[in-house]
Amino acid sequence: MDKGATGSTAPETHAQVSQPTGAQLQHPWEVTPAEAIAIQRRLAPLAAQAPTVALADITTVAGVDASYTDIGRAAVVVFTFPELVEIDRATAVRSCVFPYMPGLLSFREVPVALDALAKLTHPPDLLICDGQGYAHPRRFGLACHLGLLANIPAIGCAKSRLTGKYTEPGPNKGDSSPLMDRGEQIGVVLRSKPRTNPLFISRGYRTDLATAVAVVLACLRGYRLPETTRAADKLAGER
């Protein structure tokens, strides 16, 4: 697993960390698939080089999800951590300008998710995204993209594999196996509930893999999905 921050000095909070600005982050959303891939490759190093947040510094978490009809609807639900008491929620809608394509989901979901995040009264310390983070062909999934642009630590908690190989984890809650790609561990395959399919956990922005797994485990309340994702999914689907 990836290592988190070390040393005696506590990591900075997301509000204190200097972030790339201006031309480094700005990009259009109405792009071709080839242009989207080029954007991912350009931004991936910026997400990977950011300092990681410590688990002890995470006091609030938020689930982020989106649903689609003719428009995109994003929902963000913020909870205290690890108690999981809801303290804030927000939704946003926006026309979709990018088609559904595996590996390019962030170009559909990030714009409307950013709109929802901007409406929060209590921005969270960490985002749990219903999608991939580092476990992505170009190491820049939804959690990396959203976390970087929002400047909020983020992790990917996906329901299915996008890339990589793994052996099936054990049958019990908490059993896991590494998700590997080209000799690199890119995520963890986590059994979140007995007799259910595993989740695919990966770091996104300013998080390490061990913290990502620990947060997801702490947010489970007897279901396959963490409570953050369940709440955001329900809110995103409401009309």
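The values are calculated or read from the model by the stated rules, or taken from the named source; none is laboratory data. From a predicted model like this one, the values you see are computed outputs, not experimental measurements. Positions of Cβ are backbone-derived with ideal geometry, glycine not excepted, and every protein chain shown enters the neighbour counts.
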Checked segment 108-139 for anything at pLDDT below 95 and either polar (S, T, N, Q) or farther than 20 Å from VAL78 by Cα (or both); matches are ARG108
Over segment 152-175, the set of residues under 12 Å from LEU199 (Cα atoms), in contact (Cβ under 8 Å) with a residue 24 or more places away in the chain and over 19 Å from the mean Cα position of the chain (by Cα) is GLU168, PRO169, LYS173, GLY174
List pairs: first in segment 69-98 and closer than 17 Å to GLU30 by Cβ, second small (Gly, Ala, Ser), Cβ under 7 Å, 6+ apart or cross-chain? ILE71/SER95; GLY72/ALA66; ARG94/GLY72; CYS96/GLY72
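Filter segment 46-83 for residues that are assigned to a loop (DSSP other than H, G, I, E, B), closer than 17 Å to THR207 by Cβ and out of contact with any Cys (no Cβ under 9 Å at 6 or more places or on another chain) and give the result. Show your work before the answer.
Residues of segment 46-83 that are assigned to a loop (DSSP other than H, G, I, E, B), as a first pass: 49-54, 58-59, 69-70, 81-83.
From what's left, closer than 17 Å to THR207 by Cβ: 49-54, 58-59, 81-82.
Within segment 46-83, GLN49, ALA50, PRO51, THR52, VAL53, ALA54, ILE58, THR59 meet the criteria.
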Here is a list: GLY147, GLY141, GLY103, GLY131. Which entry is farther than 21 Å from GLN26 by Cα, within 17 Å of the chain's Cα centre (by Cα) and of a type in the set (Gly, Ala, Ser)? GLY131
Looking at segment 173-187 only, could you name the residues that are crowded, with 18+ Cβ neighbours inside 10 Å and hydroxyl-bearing (Ser, Thr, Tyr)? SER176
Condition test on GLU227, is it free of Cβ contacts under 8 Å to residues at least 40 places away in the same chain and either within 18 Å of GLU86 (Cβ to Cβ) or not β-branched (Val, Ile, Thr) (or both)? no
Selection within segment 53-71 - of a type in the set (Gly, Ala, Ser) and either touching a strand residue (DSSP E or B) at 6+ places or on another chain (Cβ under 8 Å) or closer than 15 Å to ALA118 by Cα (or both): ALA62, GLY63, ALA66, SER67
